Ligand SMILES: [Zn+2]
């Protein structure tokens, strides 16, 4: 749940897009109405990276790295939206993503306890950009915008027959169903 409770960084990030690049793009919610940015400080970004299972547990972020991340995030969102709307990619955004992907790779080590990832923020952004390129370039990947008005999260629908309507049940599906239930109840009370 991306519940914003204030300016103190008390935000629970959600990773339901099916791809870390799309999850990064979704750190801005409600993009068309009143955009809500959950990555306002370097500490927010450090926490987001730590919470993402595909990225290192610890990374240090400074203000310039936050700026670079935001620029990559907006480029990824633009390209994902281009895919959803079936139009050519925005060239400036393609360049930003390609430049980030040219960075160093994360170090990945296997052990009995699982995989340990390490690397600096440049490597993290490179990893995210590569993951984004993989999904954006895949013509069979079904990218959709969440069906809840105001969510605006773009996610990868891997369900059979691509029947998913919402980015996540907890995030949006249950909210839409609860609102519909309340509306039906009101309608029957009026009638
Ligand atoms: Zn949603």
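What follows draws every value from the coordinates through simple rules; no lab data is involved. Source: prediction; values computed, not measured. No Cβ is skipped: glycine too gets one built from the backbone with ideal geometry, and neighbour counts run over all protein chains shown.
Quick notes
- Residues satisfying the stated conditions in the range 118-146, i.e. surrounded by fewer than 18 Cβ atoms within 10 Å (Cβ to Cβ) and either over 18 Å from residue 86 (Cβ atoms) or without any contact (Cβ under 8 Å) to a residue 12 or more places away in the chain (or both): 118, 120, 122, 134, 137, 138, 139, 140
- Taking the range 91-191 and the strands (runs of 3 or more DSSP E) fully enclosed by it, the elements with 3 or more residues that are closer than 24 Å to residue 76 by Cα and either within 16 Å of the ligand (Cβ to nearest atom) or under 17 Å from the mean Cα position of the chain (by Cα) (or both) are at 143-145, 154-156.
- Any chance residue 59 is surrounded by 18 or more Cβ atoms within 10 Å (Cβ to Cβ), over 18 Å from the mean Cα position of the chain (by Cα) and touching a residue at least 40 places away in the same chain (Cβ under 8 Å): yes
- Scanning the range 9-25 for residues that are out of contact with any strand residue (DSSP E or B) (no Cβ under 7 Å at 6 or more places or on another chain) and either within 16 Å of the ligand (Cβ to nearest atom) or farther than 16 Å from residue 100 by Cβ (or both) returns 9, 10, 12, 13, 14, 15, 23, 24.
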